[in-house]
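Read the structure below first, then the notes.
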Amino acid sequence: MDQNILFVIIGGASLLGGLLVGKIVFARNTKKQVEEAEAQAANILKETELRAETIKKEKQLEAKERFVQLKSEYDRDLLEKNKKIGEAENRIKQKEITINQKEASLDKQVKDNDVIKEKLNREIDLVNVKRSELEKHQEEHIRRLEKIANLSADDAKQQLIESLKHEAQTQALVLQQEIIEDAKQKANKEARKIIIQSIQRTAAEVAIENTVTVFNLESDEMKGQIIGREGRNIRAIEAATGVDLIVDDTPEAILLSSFDPLRREIARLSLQRLVTDGRIHPARIEEVVEKTRRQLEDQIAEIGERTVIELGIHGLHKELIRIIGKMRFRSSYGQNLLMHSRETANLCGIMAAELGLNPKLAKRAGLLHDIGKVPDEETELSHALLGAKLAEKYGENPAVVNAIGAHHDEMEMEYVISPIIQACDAISGARPGARREIMQQYIQRIKDLENLAMNYQGVEKAYAIQAGRELRVIVEAEKVTDASSDQLSFEIAQKIQTEMTYPGQIKVTVIREKRAVNIAR
């Protein structure tokens, strides 16, 4: 037990001694570190002071350089401003000198003007005196003339005015006639040039279609087979197609008669298939006619598409293309409607190009101008207005719609291409061989043309010549003067244009002839 206490005492003493020795050693190390830190701090402080001094000197140098730079810029700006101020002062001084010179010149001019004004006033006074004397002499002269002529000054003035007025009217009429003739010559020359160029560049077929189609047979034996027992086959064909079949003594031929070319075409194709097949009876006839009708509808669409492609027209509605195809089986005064429309379209395109307009738009309107003649249903509208309605319905350009509706003057022309369509339609219909008229209608039109001219006062005779293309009017020389004959020609032409319907144009020629006849006995 005592031994353990001794070990504890010795351990505690050793611990205290270790602590004391550690403390002494730690104190020495701490003092040494403090001295080193103080030395480092002193060095850092010294280096900082040196660096601060260096930075201070650098900033001072930069400030001095900046000051020198700013001072030089200020001096330069000040010099430029002083220079500008000097130049402005010089200009002001120069202007002052100029103004002073002008002021001196104006003062001189004012003085000279005063002198001139005084001279003018004296001359005006002298002129007034002379004028009063002249007026007195003139009044005296007029009184003497009135006394000699027994005519007052107002009456003489009125007679002079009337004489001058009549002379001026005569000269104006002559001048007006010269201007009109010159304008007519130039306009006719230019119009004739454009029309001739358009016609020369367009080739058209002259042949016309009739209301009868001839169906050729290989032999006359086929006629009996087509007629059938007691005529049942021919009755079935006529009932299915609406076409009259004329079987006569014409060798190896049957006539198909109908006003509708589409019906005749259906009947012709159906007969051709029946004859080729050899089976001809009512049931077969109805089947073949119906099949032919459907195939012809496809053919009509194909004809319309081929037509618009050949003319270079794009974007037409399918229904309009179908109507164009149906034109192939319609005629107008014996002229095939599709050929007429194609010819009109080509003429319109050429004429529009010559006039610097849009040829594609004109060609489009020319092709569609007669679509109102191919209606699917009966209507009371004219073909021009119906065609305009159809074109508007299927989204055509307003210019095309107006051109279609106005090509027979049933609508007001609102676009430039409208008169072109009208002119080209007349050109296509008026060329020789294009159309045919019923003889009675032709004769009646010629008589109406002559009677229209005979209704005017002073007309002695009137003759329609060149198939109604020219009207020659012979007037009485005692009742119609040369000046009024021009007016008469114009009035007759206007009345024909407003009251009559005719293809092409009619030339009105007024002839005035004075004959003096005596007999020597």
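The values are calculated or read from the model by the stated rules, or taken from the named source; none is laboratory data. Owing to the predicted nature of the structure, the values given are computational and were not obtained by experimental measurement. Virtual Cβ from ideal backbone geometry, glycine too; neighbours counted across all protein chains shown. Areas reflect the complete protein model, heavy atoms only, side chains present, ligands, DNA and RNA absent. Shrake-Rupley method; radii C 1.70, N 1.55, O 1.52, S 1.80 Å.
Note the full-extension length gain between Glu221 and Gln138 as 0.36 nm times their separation in residues minus their Cα-Cα distance, in nm to one decimal.
Numbers: separation 83, 0.36 × 83 = 29.88 nm, distance 11.64 nm.
Taking 0.36 nm per residue and subtracting the Cα distance, the gain is 18.2 nm.
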Surface accessible to a 1.4 Å probe, Val174 within the full protein complex, Å² = 80
query = How high is the relative contact order of segment 210-291, in percent, counting Cα pairs under 8 Å that sit 6 or more residues apart?
reply = 35
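Could you calculate the FRET efficiency of His317 with Lys59 from 1/(1 + (r/R0)^6), where r is the beta carbon distance between them and R0 is 60 Å, rounded to 0.05? Walk me through the numbers before you get to the answer.
Numbers: r = 89 Å, r/R0 = 1.48.
FRET efficiency, His317 to Lys59: 0.10.
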ask   = Helix 261-277 sits at what angle to the longest principal axis of the chain, using alpha carbons and giving 0 to 90 degrees rounded to 10?
value = 90
ask   = Which whole-percent values make up P(r) of segment 234-361 when all C-alpha to C-alpha distances are grouped in 10 Å steps starting at zero?
value = 12, 33, 28, 17, 8, 3, 0
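Counting only helical runs of four or more DSSP H residues, what would the 222 nm mean residue ellipticity of the chain come to if each run contributes -39,500 (n - 2.57) and the total is spread over all its residues? Present the calculation step by step, with values, prior to reporting the outcome.
Numbers: 14 runs with 365 residues, N = 521.
Taken over the chain, the calculation gives -25000 deg cm²/dmol.
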ask   = Can you give me the Cα centroid spacing of segment 270-285 and segment 354-390 in angstrom?
value = 39
task = Can you tell me the relative contact order of the chain? Whole percent, Cα pairs under 8 Å, sequence separation 6 or more.
result = 7
Degrees between helix 439-454 axis and first principal axis of the chain (Cα, 0 to 90, nearest 10) = 90
ask   = Taking all protein chains as present, what is the carbon and sulfur share of the accessible area of segment 322-396, in % to the nearest whole number, probe 1.4 Å?
value = 47
query = Along the three principal axes, how long is the chain when you take its alpha carbons, biggest first, rounded to the nearest angstrom?
reply = 192, 124, 36
Aspartates and glutamates whose Cα lies under 16 Å from that of Lys81, excluding same-chain neighbours fewer than 8 positions away = Glu73, Glu89
request  = Please find the FRET efficiency linking Gln109 to Gln176, where r is the Cβ-Cβ separation and R0 is fixed at 35 Å, and quote it to the nearest 0.05.
outcome  = 0.05
query = Using modelled amide H (1.01 Å from N, peptide plane; none on Pro or chain starts), what sits under 5 Å from the amide H of Ile511, excluding residues fewer than 5 places away?
reply = Val473, Ile474, Val475
note = So the compactness index of segment 309-378, its C-alpha Rg divided by 2.2 N^0.38 Å, takes the value 1.11
query = Modelled label-to-label distance, Thr501 and Ile446, 7 Å Cα→beta-carbon offset: nm?
reply = 2.1
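Quantify how much of the Cα-Cα distance distribution of segment 76-147 extends past 18 Å, in percent. Write down the numbers at each step before the final one.
Details: 1819 of 2556 pairs.
For segment 76-147, the share of Cα pairs beyond 18 Å comes to 71 percent.
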Per residue accessible area in Å² of the chain, where ligands, DNA and RNA are left out and the probe is 1.4 Å = 70
task = Towards the positive end of the charge dipole of the chain, with charges on Cβ (+1 Lys, Arg; -1 Asp, Glu), say which of Val416, Gln299, Ile237 has the farthest Cα.
result = Val416
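For the peptides 238-250, 317-329, what is the packing order when you average, over each peptide's residues, the other Cβ atoms within 10 Å and list the highest mean first? Don't skip to the end; give the middle numbers.
On the way: 238-250: 15.8, 317-329: 20.6.
Those peptides, ordered most packed to least, come out 317-329, 238-250.
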Degrees separating the helix 417-430 axis from the principal Cα axis of the chain, which is the longest one = 30
ask   = Size of segment 70-114 along its principal axes in angstrom, Cα-based, largest extent first?
value = 64, 7, 5
ask   = Ordered by residue, what ³J(HN,Hα) values in Hz, to whole numbers, does segment 231-237 give under the Karplus form 6.51 cos²θ - 1.76 cosθ + 1.60, where θ = phi - 60° and Gly and Pro are x?
value = x, 5, 5, 5, 5, 5, 5
inquiry  = Tell me the Kirkwood radius of segment 244-295: reciprocal of the mean inverse pair distance over distinct alpha-carbon atoms, in Å.
reply    = 11.7
task = Report the calculated FRET efficiency for Val8 and Thr48 (r = Cβ-Cβ distance, R0 = 60 Å), to the nearest 0.05.
result = 0.55
query = Under 18 Å from the Cα of Lys23, which lysines turn up, not counting those fewer than eight places away in the same chain?
reply = Lys31, Lys32
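Calculate the dipole size of the chain relative to its Cα centre from +1 charges on Lys and Arg beta carbons and -1 charges on Asp and Glu beta carbons; express the result in debye to the nearest 20. Write out the running numbers ahead of the final one.
Numbers: 80 positive and 86 negative charges, 345 e Å.
The dipole magnitude comes to about 1660 debye.
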ask   = Using a cut-off of 24 Å between alpha-carbon atoms, which lysines can reach Lys102, once sequence neighbours fewer than 8 places away in the same chain are excluded?
value = Lys93, Lys111, Lys117
